Amino acid sequence: AQKVTQAQTEISVVEKEDVTLDCVYETRDTTYYLFWYKQPPSGELVFLIRRNSFDEQNEISGRYSWNFQKSTSSFNFTITASQVVDSAVYFCALSGRAGGTSYGKLTFGQGTILTVHP
Amino acid sequence: EAQVTQNPRYLITVTGKKLTVTCSQNMNHEYMSWYRQDPGLGLRQIYYSMNVEVTDKGDVPEGYKVSRKEKRNFPLILESPSPNQTSLYFCASSLSGGQNEKLFFGSGTQLSVL
């Protein structure tokens, strides 16, 4: 079985603060994929990043950065200099074989509600 | 415009009355899947399909059926809905489930079962 845990249910920050959203996963697969998705108040789900288990390089995209550490089974997401528009629910997700023959099974974390105050 | 289209957007029904939520994508994607979103539980996968006529269970398949007769369509069927299936449902697709490409999501269907 595979599992994703986002320990922070809600985070509240003031604009321009940096904020890190934690994601810890469990899987027995050696090959797997990790994702982050954003769900703004409008409700749609937006892809942010995809990372495979063999690529531990950290990634930066503008104010967003991701830290993947296989040793601690974590894939944390940091927003630098947060803005009000960053307010959303953020989901971490994992895809592995989960005992099956394909990578079609996708497991999401519970989500972290981020509120950025002006 | 590339998109995943779900219908209806909102649905109120009664216990036991069969319903279908449709999902269609125009991107020629091989992989399609259904999720339900409940407060505190995040998104949970109901079923997925790697390609036409290939479907498999996700984490919460009980009470749901799916079919994939055509590449573009992946309807979700509730044969006998119950109140615990009241939820926000999302359909999603990606180019290839095997390569784990990013998912494109529909706008969601808010279902209430009375």
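The table below gives the values:
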| item | result |
| --- | --- |
| Cβ-based net charge around A:GLY109, under 14 Å, with every Lys or Arg adding one and every Asp or Glu removing one | -2 |
| Dipole magnitude (debye, nearest 20) for segment A:1-90, charges at Cβ of Lys, Arg, Asp, Glu | 220 |
| Rounded if a/c under 1.5, otherwise prolate or oblate - segment B:1-43, Cα gyration tensor axes | oblate |
| Segment A:70-85 and segment B:64-92: distance between their alpha carbon centers, rounded to Å | 33 |
| The protein assembly as shown pair-distance distribution - Cα-Cα, 10 Å bins, rounded % | 8, 33, 35, 20, 4, 0 |
| Whole-Hz couplings from phi, Karplus 6.51/-1.76/1.60, listed for segment A:52-63; x for Gly and Pro | 9, 5, 9, 10, 9, 5, 6, 10, 10, 9, x, 8 |
| Number of partner chain Cβ atoms within 10 Å, mean per residue of A:35-41 | 2 |
| Rg(Cα)/(2.2 N^0.38 Å) for segment B:13-114, N = residue count | 1.02 |
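Readers should treat all values here as calculations from the given coordinates under stated rules, not as data from a laboratory. All values reported here derive from a predicted model rather than from experimental measurement. Backbone-built Cβ (ideal geometry, glycine too); neighbour counts: all protein chains shown.
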